[in-house]
């Protein structure tokens, strides 16, 4: 069963730029719209504004954690 993911939006939040890039690159191969945040506060702002279909969070980030 194959699902069209091109209309889906994913928010990826991680303070480690290498991990953020790795996850983002992988998700882009599925033609999803990718949003990025580097900390919990930014992730919360983006999530409230954009209403993503999925949020992938790093649990331990500076400031507000995932």
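Here, each number is a calculation from the coordinates, and none is a lab measurement. No experiment lies behind these values; they were computed from the predicted model shown.
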Value of [θ]222 nm, deg cm²/dmol, for the chain, DSSP H segments ≥ 4, -39500 (n - 2.57) each, nearest 500:
-10500 deg cm²/dmol
Please determine, in degrees from 0 to 90 and to the nearest 10, the orientation of helix 17-28 with respect to the longest principal axis defined by the Cα atoms of the chain, where the helix direction is its Cα long axis.
20 degrees
What do you get for the angle between helix 40-50 and the principal long axis of the chain? Use alpha-carbon atoms, 0 to 90 degrees, nearest ten.
40 degrees
Taking Cα pairs under 8 Å and at least six residues apart, what relative contact order does the chain come out at, in percent?
41 percent
Express the C-alpha Rg of the chain as a ratio against the empirical globular expectation 2.2 N^0.38 Å, rounded to two decimals.
1.10
